[in-house]
1. Please list, ordered by chain and number, the residues whose modelled amide H lies under 5 Å from the amide H of residue 146; skip anything fewer than 5 residues away on the same chain.
2. Scan around residue 45 for amide H atoms under 5 Å from its own, H built in the peptide plane at 1.01 Å from N, and keep only partners 5 or more places away or cross-chain.
3. Can you compute 3J(HN,Hα) from phi for each residue in segment 80-97, using the Karplus curve 6.51 cos²θ - 1.76 cosθ + 1.60 with θ = phi - 60°, rounded to whole Hz and x for Gly and Pro?
4. Check which residues have an amide H placed less than 5 Å from residue 59's amide H, if you skip close sequence neighbours.
5. HN-Hα J couplings of segment 124-138 from phi, Karplus 6.51/-1.76/1.60, θ = phi - 60°, integer Hz, Gly and Pro as x?
6. Show me, for segment 144-151, the HN-Hα J-couplings you get by feeding each phi into the Karplus relation (A = 6.51, B = -1.76, C = 1.60, θ = phi - 60°), rounded to Hz, glycine and proline as x.
Amino acid sequence: YEELSTDAAVRSEKIACSFRNLIYATNVINKPTLMKEVSQVHGISITSEEEKIIISLPTLLPKRKTNTSKFLTDPLIYQIDRFIQENSYQKYNECIICFTHLYDESRSIKRARDYDNMEYKQILDVISTYFLTDDTPILCDVYHTARLGEHDGTLITIMEKNQFQSWLPEQ
């Protein structure tokens with residue numbers, strides 16, 4: 001059941017991306033207008049608090065090698081553009097990006113994936129383009145954690161390195 005449902009979900013995401021491309025090609029609606037609606041449907045949000053940027057994706061990151069992260073990157077880019085227009089911020093020079101993988105506690109714990117089986121590189125590339133001066137490992141550390149919650153999702157927190165020690169116990 002898990003394999004079949006995962007396969008169906010991946011195929012659905014590919015179909016959604018194909019429909020997006022069809023809409024763009026036929027000029028039915030422009031990309032920013034569609035991405036506004038898609039990002040709202042997905043529930044993607046970006047906030048800032050205490051000099052941290054928090055990106056909420058209401059889904060787990062896709063499995064590595066499924067090539068479906070475009071499903072999330074386009075609406076994420078739209079929301080980042082919107083965030084940048086509405087907020088003043090400074091690009092991080094040295095930072096930590098924390099991926100918190102949230103798993104619905106009412107479902108099987110076997111669903112939890114190893115961190116190296118998740119596609120986060122493309123999401124990290126999008127984030128670094130807008131929020132970091134460079135994502136070299138010398139300037140940017142990446143941290144992964146997981147916890148059970150009311151629903152599946154991914155929280156991405158970007159912060160200065162000196163904020164990590166106070167952030168971590170809260171998790």
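1. 101
2. Here 56 satisfy the definition.
3. For segment 80-97, the Karplus curve yields 5, 4, 5, 4, 5, 5, 9, 9, 8, 7, 10, 4, 7, 8, 10, 8, 10, 10 Hz.
4. For residue 59, the qualifying residues are 154.
5. Working through the residues one at a time gives 4, 4, 5, 4, 5, 4, 9, 10, 10, 6, 6, 9, 4, x, 5 Hz.
6. After applying 6.51 cos²θ - 1.76 cosθ + 1.60, I find 10, 8, 9, 7, 7, x, 6, 7 Hz.
A short reminder: the numbers here are calculations on the coordinates, not readings from a lab. Remember, it's a predicted structure, so these values are computed and weren't measured experimentally.
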